[in-house]
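Novice: Here's a structure for you.
The values are calculated or read from the model by the stated rules, or taken from the named source; none is laboratory data. Remember, it's a predicted structure, so these values are computed and weren't measured experimentally. Ideal geometry is used to build each Cβ from the backbone, glycine not excepted, and the neighbour counts take in all protein chains shown. For accessibility, only protein heavy atoms count, side chains too; no ligands or nucleic acids. Shrake-Rupley method; radii C 1.70, N 1.55, O 1.52, S 1.80 Å.
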Amino acid sequence: MKRWGHMARTFTKLGKEITIAVKMGGPDVTGNPRLRALIAEARTEQMPKENIERAIKKATESKQGDFKEIIYEGYGPFGIAYLVEAATDNNTRTVANVRSYFTKCGGSLGTSGSVSFMFDRKCTFTIKEKEGMDLEELELEMIDFGVEELFEQTEEDKEGNEYKVIVIYGEYSAYGQIQKYIEENGYELVSGGFEQIPNVELKEVTPEQRSTLEKLTGLLEDDEDVTNVYSTMKPE
């Protein structure tokens with residue numbers, strides 16, 4: 001059941017991001033690199049083709065709600081900063097929900113700019129590893145395209161089979177040129193998007209504090225309007 005819950009949240013999130021990508025860059029994947037990356041990610045996640053087509057159609061129908069990307073900032077308990085990304089067609093509803101989660105867990109929703117300075121927005125890509133790849137050589141080559149870091153990681157598919165991927169981080173503004181390099185050099189794109197990376201020292205918390213903070217994170221992530229949740233809590 002947990003797996004199905006994860007899939008439902010993933011499909012909802014990807015559907016909204018595809019809708020926004022189409023609204024911003026049009027439905028033609030040739031001229032919309034963000035849409036191409038999201039469709040690649042949707043296929044990796046085994047999102048049904050009809051879900052993808054529905055999200056694209058939603059963006060092209062003017063009668064549909066106009067989803068906008070919004071960032072909420074706040075503090076959870078124990079001084080942990082939170083950055084919450086959402087895609088919503090009703091900001092009044094979403095901000096009320098987000099505020100209620102913070103309040104319920106002993107935190108508070110802040111004003112714009114109250115915690116965003118603690119995070120740097122980066123673009124990130126995941127590509128399938130090619131046989132015989134030289135990571136150092138690839139990194140040296142991609143530095144000219146705005147890449148700041150890349151590393152190898154082991155992933156697992158839905159059947160439990162392991163495979164190697166390369167995770168790439170770069171400057172926010174370098175998204176298009178990094179994706180162009182990946183595509184032109186024949187790498188298989190698994191996903192592409194943006195992340196908020198903390199630029200401050202992450203805070204240590206006790207197991208009891210972590211439990212409360214994870215409750216807040218869970219409430220936020222389970223909201224259908226929320227796409228990503230970031231915090232300054234140090235991972236276990």
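Novice: Quick test of your reading of the structure: Val190 fulfils all but one of (1) in a helix (DSSP H, G or I); (2) buried (at least 16 other Cβ atoms within 10 Å of the Cβ). Name the failing condition by number.
Specialist: (1)
Novice: With Gly5, Gly15 as the choices, which residue is outside any loop (DSSP other than H, G, I, E, B) and modelled with pLDDT of 85 or more?
Specialist: On the way: Gly5 fails: modelled with pLDDT of 85 or more.
On inspection, the qualifying residue turns out to be Gly15.
Novice: Right, Glu224: modelled with pLDDT under 95 and under 20 Å from the mean Cα position of the chain (by Cα) or not?
Specialist: Here the answer is yes, as Glu224 does meet what is asked.
Novice: Can we say Lys158 is touching a residue at least 12 places away in the same chain (Cβ under 8 Å), outside any strand (DSSP E or B) and charged (D, E, K, R)?
Specialist: It is true that Lys158 is touching a residue at least 12 places away in the same chain (Cβ under 8 Å), outside any strand (DSSP E or B) and charged (D, E, K, R).
Novice: Looking only at the stretch 19-38, filter to residues that are open to solvent by 20 Å² or more (accessible area, probe 1.4 Å) and hydrophobic (A, V, I, L, M, F, W, C); which one of those is modelled with the lowest pLDDT?
Specialist: Met24
Novice: Suppose the filter is among the aliphatic types (A, V, I, L, M), surrounded by fewer than 19 Cβ atoms within 10 Å (Cβ to Cβ), part of a strand (DSSP E or B) and within 19 Å of the chain's Cα centre (by Cα); does Ile197 pass it?
Specialist: yes
Novice: Which of the numbered conditions does Phe67 fail, given that it passes all the others? Conditions: (1) at pLDDT 90 or above; (2) within 18 Å of the chain's Cα centre (by Cα).
Specialist: (1)
Novice: Just checking, which of Gly79, Gly113 is of a type in the set (Gly, Ala, Ser), open to solvent by less than 60 Å² (accessible area, probe 1.4 Å) and more than 29 Å from Lys23 (Cα to Cα)? Spell out how you get there, then give the answer.
Specialist: Working: Gly113 fails: more than 29 Å from Lys23 (Cα to Cα).
One residue alone meets the criteria, Gly79.
Novice: Next question, about the same structure. Which one of these does Val98 not meet: (1) open to solvent by less than 50 Å² (accessible area, probe 1.4 Å); (2) assigned to a strand (DSSP E or B); (3) aliphatic (A, V, I, L, M)?
Specialist: With respect to (1) open to solvent by less than 50 Å² (accessible area, probe 1.4 Å); (2) assigned to a strand (DSSP E or B); (3) aliphatic (A, V, I, L, M), Val98 is out only on (2).
Novice: Cβ-Cβ distance below 8 Å, separation of 6 or more or different chains: which pairs start in the stretch 44-68 with a residue that is assigned to a helix (DSSP H, G or I) and end on one that is surrounded by fewer than 18 Cβ atoms within 10 Å (Cβ to Cβ) and at pLDDT below 80?
Specialist: These pairs meet every condition: Lys58/Gln64.
Novice: Now, a different point. Right, Thr103: free of Cβ contacts under 8 Å to residues at least 24 places away in the same chain, more than 25 Å from Ala42 (Cβ to Cβ) and of a type in the set (Ser, Thr, Tyr) or not?
Specialist: Yes.
Novice: Which residues, counting only those in the stretch 200-221, are in contact (Cβ under 8 Å) with a residue 60 or more places away in the chain, closer than 27 Å to Phe125 by Cβ and open to solvent by 70 Å² or more (accessible area, probe 1.4 Å)?
Specialist: The answer is Glu221, and nothing else.
Novice: Got a sec? Which of Ile166, Ile143 is within 26 Å of Ile178 (Cα to Cα) and out of contact with any strand residue (DSSP E or B) (no Cβ under 6 Å at 6 or more places or on another chain)?
Specialist: None of the other options fit; the residue is Ile143.
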